[in-house]
Structures are given as structure tokens and as C-alpha cells.
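Structure first, commentary second.
The values are calculated or read from the model by the stated rules, or taken from the named source; none is laboratory data. Keep in mind that this is a model prediction, so the values were computed, not measured. Cβ placement follows ideal geometry from the backbone for every residue including glycine, while neighbour counts extend to all protein chains displayed. These accessible areas exclude ligands, DNA and RNA; they are computed on the full protein's heavy atoms, side chains included. Shrake-Rupley method; radii C 1.70, N 1.55, O 1.52, S 1.80 Å.
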Amino acid sequence: MHLFRLDASIMPGASTSAELANTAEAEWTAAHPEGTVTRRNLGTDPLPGDVWATATLAAFTPEDQRTPEQQEAAALGASLAAELSAADAAIIAVPLYNWGVSQHFKTWVDLVIAGAGPTAELLKGKPVVLVTSLGGGFAPGTPREGWDHSTPYVERILRDVWGAELTTVRRELTLAAVNPAMEGLRGLAAEYHSQALDAATAAGKALVRS
């Protein structure tokens, strides 16, 4: 069995999304001790920000007329798409940054699409856990309701574009422990943390059963 794991946190040493992803991965690893895990960490090893445009232009250029840069970018997109589609299951850990997805995660998505095409169902019928962490509160009725433009986008890509059987694990108020202005929310944040860990454990077990 083969698991693909992607992390997008820029703080690998103190990452909430990585903690939850580790919890889910532990369930998969326990069930598949001989399994293979392919890892890609966009926070510590980001892709070049301009390579997607080059890969996209390469698709409209005959192969024998492509520049070396276009050839390299097209090959990178194809390899990223192949890396994803080769997995039997996946864990995708994507924090919310500035109310959306980070540039380095978006670059990865765009390159995969450039390499596979916009209609390729790379995760068709495969179990996938999306882990997302949010520094503030975005629940209905809160001042920031509707400001999370990351989770819906990532769910759309994983489930509706790539065909994944998707489970989302979500933790809010991650900044309450370090932001004095959020001190009054620390109790609630601790509850959210515990609930998210439980959800990650359940999602990891579902990843195995699927």
C-alpha cells in the first residue's frame, strides 16, 4: 500500500496541521507497517513560483519547439501528477494563510493540473484526508464567518476535480495560545484541539478501511 502525504505549513516545527496529519498517518501506518509513504513538504521545499506559467505555455507549444525551460517545467508537472496518482490514499495538510491558500500550495495544484490536464481524476475513488488549521474562528455567527477561502477551494480540488473520497479534519483558534487578544478563547481553543485530534484519529482509521 502507498500513502501520499503533503504538508504546506511554513512552520514545520510548530505546525498544528502537521500534528493532526501525524495522528491520521499513525493509524494508516499501524495498519500498513510494510506500506510506503511518499512525502512532499511545500513549506520547507517550495516549488518555484514561476514554473507553472512555463509549464502551461509548454502545453501549447509543440514538443520539438519547446525551450529547455518549458521542457523542464512540463516534466515537473507530469512527475507531480504521477506522484499523486500513484498513491492508494493521501493526507493533505493545508493551513489557512491570510484567509486563503498559500502561494506555494496553489503552485503545486496548478502544476499538477498542468501535468495531468484539468479533467484528470487523479484520486478517483481513493480515500483522502484533508487537514486544515485556522488561527482564528470562522464558525457561523462569528465576525469572520465566510472569510475562510482556503477549505472550500481545497475541498473542491480534491473531491470535485480529482475525485477523492474526502474527509476533512478542521481545527480553529490555533492562535489563541499565543495571542493575548484571544486569551478569553483559550478554553474553547483547547476543546477544538481535542476534538480535532479525535477527528484525525477517526479519519486515519477511515483511511485504512476505505
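When every residue of the stretch 46-55 is checked against the conditions, none turns out to be at pLDDT 95 or above and acidic (Asp, Glu). Cβ-Cβ contacts under 9 Å between residues 6 or more apart (or on different chains), taken from a first residue in the stretch 80-99 that is at negative phi to a second residue that is small (Gly, Ala, Ser) and open to solvent by 50 Å² or more (accessible area, probe 1.4 Å), are listed as Ala89/Ser210.
Of the residues that make up the stretch 104-124, is at least one within 27 Å of His149 (Cβ to Cβ), aromatic (Phe, Trp, Tyr) and open to solvent by 20 Å² or more (accessible area, probe 1.4 Å)?
no
Any residue that is touching a Pro at 6+ places or on another chain (Cβ under 8 Å), in contact (Cβ under 8 Å) with a residue 12 or more places away in the chain, of a type outside the set (Lys, Arg) and open to solvent by 30 Å² or more (accessible area, probe 1.4 Å) - is there at least one of those in the stretch 17-29? No, because not a single residue in the stretch 17-29 is touching a Pro at 6+ places or on another chain (Cβ under 8 Å), in contact (Cβ under 8 Å) with a residue 12 or more places away in the chain, of a type outside the set (Lys, Arg) and open to solvent by 30 Å² or more (accessible area, probe 1.4 Å). When Arg39 is tested against the conditions (1) under 30 Å from Arg209 (Cα atoms); (2) open to solvent by 30 Å² or more (accessible area, probe 1.4 Å); (3) in a helix (DSSP H, G or I), the lone failure is (3). Can you tell me which residue within the stretch 159-190, out of those that are under 16 Å from the mean Cα position of the chain (by Cα) and among the charged types (D, E, K, R), is farthest from Asp88 (Cα to Cα)? The qualifying residue farthest from Asp88 (Cα to Cα) is Arg171.
Taking the criterion of being open to solvent by less than 30 Å² (accessible area, probe 1.4 Å), touching a Gly at 6+ places or on another chain (Cβ under 8 Å) and of a type in the set (D, E, K, R), the only residue of the stretch 150-183 that qualifies is Glu172. Only one of the listed residues (Ala55, Ala87, Ala81) is among the aliphatic types (A, V, I, L, M), touching a His at 6+ places or on another chain (Cβ under 7 Å) and open to solvent by less than 20 Å² (accessible area, probe 1.4 Å). That residue is Ala87.
Being within 23 Å of Arg5 (Cα to Cα), in a strand (DSSP E or B) and either of a type in the set (A, V, I, L, M) or open to solvent by less than 40 Å² (accessible area, probe 1.4 Å) (or both) is a property that holds for Val131.
Could you go through the stretch 184-191 and let me know if any residue there is of a type outside the set (Lys, Arg) and either open to solvent by less than 20 Å² (accessible area, probe 1.4 Å) or in a loop (DSSP other than H, G, I, E, B) (or both). Yes, the conditions are met somewhere in the stretch 184-191. Among the residues of the stretch 5-16, are any farther than 15 Å from Pro95 by Cα and either at pLDDT below 95 or of a type in the set (Lys, Arg) (or both)? Among the residues of the stretch 5-16, not one is farther than 15 Å from Pro95 by Cα and either at pLDDT below 95 or of a type in the set (Lys, Arg) (or both), which makes the answer no.
Inspection of the stretch 184-191 identifies at least one residue that is under 13 Å from Thr16 (Cβ atoms) and either of a type outside the set (Val, Ile, Thr) or in contact (Cβ under 8 Å) with a residue 40 or more places away in the chain (or both).
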